[in-house]
Amino acid sequence: MNRIFSGVQPTGNLHLGNYLGAIRNWVRLQTDYECIFCVVDMHAITMWQEPTQLRSHIREVAAAFIAAGIDPNKHILFNQSQVPAHAELAWIFNCVARMGWLNRMTQFKEKAGKDRENASVGLFAYPNLMSADILLYKATHVPVGEDQKQHLELARDTAQKFNGDYGVDFFPLPEPLIFGTAARVMNLRDGTKKMSKSDPSDYSRINMTDDADAIALKIRKAKTDPEPLPATLAGLEGRPEAANLMGIYAGLADLTLDQVCARFGGRPFSDFKKELADLAVSVLTPIQDEMRRLLADTGAVDAALRDGAGRARALAAPILREVQDIVGFVRP
Ligand code: TYM
């Protein structure tokens, strides 16, 4: 059976990039895979998180998963900290992965910025915890946005080195699943940067919780160029903002970028932006309504997380035991 593992950090507002690049694809994968979806709270604290906010973000992300269509009964939904085996396997991987590998991780460089000496040790070792997340369940496929590709390659290298060092064929090499046009949703104010939770300008992203007015305003203010929209893909060359907005439309409408070019080619941005805003509102509103309903009483979300953690612990335990045997730990 092919098994999926994927996660989202509860570090702030979920945005359209998280939805189109990850969560929406997960919903579809539920029919063909056994899925494990995780709110990676241990990853979140690699950067400072205010505890009260972290608590509500964990529940918000879990509610967003369920509201978007993840079924926590058929599949597993849990928060990472409740399955200690993630931390245990991550430690073993700290001893398998090499400093040189981690030094090449672009996410660490971006997040640590110039003040590397002051970054947490956890931020540096972050990719090893991510490898542990995936390999603890011997997941075969990992649906993510484009920005996680490098981490996935590291997880494969770590699995391969572990297998090689210990002379076993134990961990599968997990395959990334990266989907189409919305795998990299860009910043609304600068089409060359990715949409992210950490950008200081809220106008740079559409949050999953933005109301219809906020969505329309942000799309109206989104950066454009003076030309009308192109009718072909080739016409998007050198036009990052047009490519991004048309890509978002394609993602939301489930069309190819080609189809969006054919539909809007020659039209001015002003027309297109109105249609894009209406579409975004129509896709996000039902999810937001369901999130609000779920968060009004956190009992149901907590129950889903608790149940998911129990099932995740049960799946992880025998795999971790085997790892301990392979490594040579005594289990008296
Ligand atoms: P995180 O929390 O930054 O993002 C969650 C998911 O959203 C995708 N994503 C985007 N996709 C398209 N365009 C964007 N602008 C955009 N921004 C974010 C991410 O690619 C991701 O799929 N390290 C991971 C969390 C993680 C994980 C894992 C993922 C921890 N353990 C194991 C997979 C498997 C992260 O920081 O994602």
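General observations
- Taking the number of Cβ atoms within 10 Å of each Cβ as an exposure proxy, the fewest-first ranking of PHE93, PHE179 is PHE179, PHE93.
- When only Cα pairs below 8 angstrom with a gap of at least 6 residues are kept, segment 221-263 shows a relative contact order of 41 percent.
- Taking LYS218, LYS138 and counting other C-beta atoms within 10 Å, the order from fewest to most: LYS138, LYS218
- Taken over segment 103-260, the ratio of Cα radius of gyration to 2.2 N^0.38 Å equals 1.28.
- Net charge of neighbours whose Cβ lies under 12 Å from the Cβ of ALA309, counting Lys and Arg as +1 and Asp and Glu as -1: 0
- Pairwise label distance in nanometres, GLU146 with LYS193, each label 7 Å out on the Cα-Cβ vector: 1.7 nm
- Placing a pseudo-label 7 Å from each Cα along the Cα-to-Cβ vector at TYR203 and LEU255 gives an inter-label distance of 2.7 nm.
- Of PRO200, PRO127, PRO228, the residue with the greatest mean-square motion in the GNM of the chain, using alpha carbon springs below 10 Å, is PRO200.
- For the chain, a Gaussian network of Cα nodes joined below 10 Å ranks SER56, SER196, SER131 by mean-square fluctuation, and the top entry is SER56.
- Calculated FRET efficiency, ASP213 to ASN118, Cβ-Cβ distance, R0 = 45 Å: about 0.70 to the nearest 0.05.
- Diffusion of the chain by Stokes-Einstein, at 37 °C in a medium of 0.692 mPa s and with Rh set to the Kirkwood radius over alpha-carbon pairs, works out to 157 µm²/s.
- For segment 202-293, dividing the convex hull volume of the Cα atoms by the residue count gives 82 Å³ per residue.
- Counting neighbouring beta carbons within 10 Å and listing from fewest to most, the residues ILE134, ILE178, ILE215 come out as ILE178, ILE215, ILE134.
- Added length on full extension, which subtracts the Cα-Cα distance from 0.36 nm per residue, ARG28 to GLU322: 102.6 nm
- Segment MET47-MET1, extension gain: residue separation times 0.36 nm, minus the distance between their alpha carbons: 13.0 nm
- For segment 197-332, averaging the sequence separation of C-alpha pairs within contact (under 8 Å, six or more residues apart) and dividing by the residue count gives a relative contact order of 23 percent.
- Selected from PRO72, PRO318, PRO143 as most flexible by GNM, with the chain as the system and alpha-carbon contacts under 10 Å: PRO318
- Local electrostatic count at GLN160 - Lys and Arg +1, Asp and Glu -1, tallied over other residues with Cβ under 11 Å: -2
- Look at where the Cα atoms of segment 267-332 and of segment 215-240 average out, and the two centres are 32 Å apart.
- Helical contribution to [θ] at 222 nm, DSSP H n ≥ 4, -39,500 (n - 2.57), averaged over the chain, rounded to 500: -16500 deg cm²/dmol
- Beta bridges by DSSP in the chain, antiparallel share as percent, to the nearest 5: 20 percent
Where a number appears in this text, it was derived from the coordinates with a stated rule and is not lab data. What you see is a predicted model, and the numbers here were worked out from it, not measured in a lab. Counting neighbours? That spans all protein chains shown, and the Cβs are built from the backbone with ideal geometry, glycine included.
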